[in-house]
Amino acid sequence: QIPVAVIVGRPNVGKSALFNCFSRRRISIVEPTSGVTRDRVSTEIRHKDCVFELVDTGGMGITDSDGLTEDIEMQIEVALAAADVVLFVVDVREGVTPLDRIVAERLRHVKKEVILIANKVDTPKFEHSMGEFNELGFGEPHPVSAIEGYGRSDLLDKIISLF
Ligand code: GDP
Ligand code: MG
């Protein structure tokens with residue numbers, strides 16, 4: 001039984017892009033419109049001497065606001081059932097949104113390690129925006145860019161340190 005890391009977060013923050021960035025393959029579908037990951041997708045990740053299972057969640061083709069809440073509930077359920085570590089992804093370009101707060105609120109009651117990740121840090125100027133995410137209650141986020149690969153290795157180090 002290998003450790004499991006589950007990616008959660010509102011639509012369009014780059015969960016699937018991050019999944020692909022970790023796996024270095026294009027397994028999960030990344031789309032410019034939100035809500036395209038129809039199933040949960042998982043893959044084995046090797047980093048240093050560690051192997052773990054990475055799970056991407058979210059999507060289900062939901063667009064209305066009720067559906068979004070359901071989607072987040074589903075993600076939390078997956079995380080509760082399977083995760084050793086929860087990867088909570090936010091978007092540095094959008095800042096904190098109401099849906100991010102809903103995810104944070106739900107995760108607060110989940111007795112799992114949570115790593116807050118600020119994605120889309122494609123250039124260093126976005127590093128200055130990390131502080132605003134402190135309000136979510138999971139400390140300062142780890143800056144990454146799923147597209148550029150920035151922060152990938154540091155984040156993998158952090159994940160495996162929690163197993
Ligand atoms: P998900 O709904 O959370 O799975 O988000 P996706 O992975 O499908 O990505 C949503 C959008 O954000 C797509 O247009 C991606 O190209 C874009 N995106 C994802 N990661 C990054 C990133 O690191 N930098 C930038 N600039 N865009 C990104
Ligand atoms: Mg997705």
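The values are calculated or read from the model by the stated rules, or taken from the named source; none is laboratory data. Since the model is a prediction, treat every value here as computed from it, not as a measurement. Counting neighbours? That spans all protein chains shown, and the Cβs are built from the backbone with ideal geometry, glycine included.
Filter region 23-52 for residues that are buried (at least 17 other Cβ atoms within 10 Å of the Cβ) and within 12 Å of ligand 1 (Cβ to nearest atom); which is modelled with the highest pLDDT?
V41
In this structure, does V121 turn out to be touching a Pro at 6+ places or on another chain (Cβ under 6 Å) and outside any helix (DSSP H, G or I)?
yes
Pick out the one residue from V92, V96 that is modelled with pLDDT of 95 or more, more than 16 Å from ligand 2 (Cβ to nearest atom) and surrounded by 22 or more Cβ atoms within 10 Å (Cβ to Cβ).
Just a single option satisfies the conditions, and that option is V92.
Restricting to region 86-113, what's the tally of residues that are in a loop (DSSP other than H, G, I, E, B) and more than 23 Å from F126 (Cβ to Cβ)?
Selection size over region 86-113: 4.
Can you tell me which residue within region 53-85, out of those that are modelled with pLDDT of 80 or more and in a loop (DSSP other than H, G, I, E, B), is nearest to L18 (Cα to Cα)?
By that ranking, first place goes to T57.
Go through region 128-153 residue by residue and tally those that are touching a strand residue (DSSP E or B) at 6+ places or on another chain (Cβ under 7 Å) and surrounded by fewer than 13 Cβ atoms within 10 Å (Cβ to Cβ).
Of the residues in region 128-153, 1 are touching a strand residue (DSSP E or B) at 6+ places or on another chain (Cβ under 7 Å) and surrounded by fewer than 13 Cβ atoms within 10 Å (Cβ to Cβ).
May I ask you to list the residues in region 113-135 that are free of Cβ contacts under 8 Å to residues at least 60 places away in the same chain, within 16 Å of ligand 1 (Cβ to nearest atom) and under 16 Å from the mean Cα position of the chain (by Cα)?
Once the filter is applied, which keeps residues that are free of Cβ contacts under 8 Å to residues at least 60 places away in the same chain, within 16 Å of ligand 1 (Cβ to nearest atom) and under 16 Å from the mean Cα position of the chain (by Cα), region 113-135 yields I115, L116, A118, V121, M130, F133.
For region 73-93, state whether one or more residues are of a type in the set (A, V, I, L, M, F, W, C), farther than 24 Å from F52 by Cα and touching a Pro at 6+ places or on another chain (Cβ under 9 Å).
yes
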